[in-house]
Amino acid sequence: MLRKIALEEHFLAPGLIEYWMPTVAGLDPSIASRLYTRLNDFGEMRLRAMDTAGIERAVLSISGPGVQAERDEVSAVRRAREANDFLAREIEKRPDRYLGFAHLAMQDPRNAADELERCARDYGFCGTMINGHTNGLYLDDPRFAPFWERAEVLGAAVYLHPCDPVVPAPVLDGFPALRRATWEWGFETGSHALRLVFSGLFDRYPKLKLVLGHMGETLPYLLARFDSRAKLYGIKLAKPPSQYLRENLYVTISGLCAPEPLYCAVGALGPDRVMFAADYPFENIEAAGQFMESVRLEEGLRAAVAFDNAEKLLGL
Ligand code: MN
C-alpha cells in the first residue's frame with residue numbers, strides 16, 4: 001500500500017472538552033458521541049482506522065477551538081500546556097505512528113512562542129495548529145509578531161484550521177446547511193490566510209510555512225484574481241500575492257477528496273505543496289485513503305502528495 005502521512009487528525013485532551021462540546025451542539029447525539037469516543041482514543045480504534053487507510057503516521061492536533069475560546073488568559077496558557085504534555089505522553093506510547101502539533105494560547109503571543117519552542121525541543125512536535133481567530137483577533141495583528149518571529153526561527157509549520165466566524169454572515173441566514181464546513185469555514189479561513197498575505201507578514205518573515213486544509217480553502221483557484229486586484233488597489237507588497245502563496249503556503253486534502261481541486265492546487269501552487277490528510281474522525285478515513293490510492297496522478301506525484309512532501313516540510 002502507498003505510504004501516507006496524514007496532517008489533520010484530531011484528538012481531545014481532558015482539559016479541552018468544555019470548549020469542544022458547543023461545536024457538536026446541533027448534531028444528532030449518537031453522531032456526537034461517536035466523534036467524542038474517537039477523539040479520546042489513541043489505541044486500537046485509531047490505529048485500526050489508520051491501518052485501513054494505509055496511514056503510516058498521523059500528525060495529531062486538538063479538535064478546536066480549544067483554549068482559543070477561553071476568555072481568561074491564565075487558564076488558556078495553563079490548559080494549552082497541559083494539553084501538549086498530555087499529547088506528548090500519548091505519542092510516547094506509539095512514536096512510530098504519531099506526531100504532534102502544539103496547541104497554543106494565542107491570547108499571549110510571547111507565551112505561545114515559548115510553548116511552540118518547548119514543544120519542538122522537548123517533544124519533537126512538528127509545529128502548531130491554530131484554530132482561526134482568537135476571541136476575534138486575527139493573526140495579522142501586530143501583537144502576534146513575537147509568535148511569527150519564533151515560528152520562522154524554529155522552521156515550524158503553522159497549520160491554520162477553520163473555526164466559526166466572529167459574526168455569521170447575513171448571506172447565510174436561513175441556510176444552516178451552508179454554514180460551517182459546507183461553505184462558511186472556507187471563506188473565513190481563506191480570508192484569514194489572505195489577511196496574512198496582504199498585511200505583508202511574509203515580507204517580514206519570508207521563511208514562514210503556512211498550511212491550510214481543504215485543498216487551500218479555495219485560494220489556489222483564485223490566484224490570478226488576487227494579483228490583478230492587488231495591483232488595481234496599489235497594495236504595497238514586495239511580490240504579487242500569488243507568489244507568497246506559492247512560496248509560503250502548503251495545503252492538505254483533508255476531507256476534499258475530489259480530483260478537480262487536487263489538480264488545481266497542484267497546478268497553482270506546485271507539486272511539492274500539496275499533502276495528504278484525512279480529518280479524522282470528522283471525515284471518512286478509509287475513503288480518504290482510497291482517494292489517495294486511486295485518483296489519477298503520475299506515480300511520483302502520488303508518492304509526493306501522500307508522503308514525501310510532508311516528510312520534507314516537517315523535517316522527519
Ligand atoms: Mn479538521
(request) Determine the alpha carbon to alpha carbon distance for each of K236/K312; K93/K207; K4/K93; K4/K209; K207/K231 and list only those over 26 Å. (result) K236/K312; K93/K207
(message) Would you calculate the convex hull of the Cα atoms in region 121-177 and tell me its volume per residue in Å³?
(response) 119
(request) List the extent of the Cα atoms of region 204-293 along each of their three principal axes, largest first, rounded to whole Å. (result) 46, 25, 22
(request) Using only alpha carbon pairs under 8 Å that are at least six residues apart, calculate the relative contact order of the chain and give it in whole percent. (result) 20
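Find how much the distance from E247 to A303 grows on full extension, using 0.36 nm per residue of separation minus their present alpha carbon separation; answer in nm with one decimal.
Fully extending the segment from E247 to A303 adds 18.1 nm.
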(request) Given the peptides 132-138, 188-194, 209-215, arrange them by the average over their residues of other C-beta atoms within 10 Å, most packed first. (result) 209-215, 188-194, 132-138
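How far, in nm, would the chain grow between L154 and I17 when pulled straight, counting 0.36 nm per residue and subtracting the alpha carbon separation?
So the chain would gain 46.4 nm between L154 and I17.
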(message) Cut-off under 17 Å on the C-alpha distance; same-chain residues fewer than 8 positions from K239 excluded. Which aspartates and glutamates are left, in chain and number order?
(response) D203, D227, E247
(message) For L99, what residues show an amide H to amide H distance below 5 Å, using hydrogens built from the backbone and excluding near sequence neighbours?
(response) A58, V59, L60
(request) Express in % the proportion of alpha carbon pairs of the chain at distances exceeding 27 Å. (result) 39
(request) Show me 119-126, 62-69 ranked by packing, highest mean number of other Cβ atoms within 10 Å first. (result) 62-69, 119-126
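The numbers here are math on the coordinates, done by the rules we state, and not lab data. These numbers come from a predicted model, not from an experiment. Here Cβ is always computed from backbone atoms with ideal geometry, including for glycine, and neighbour counts include all displayed protein chains.
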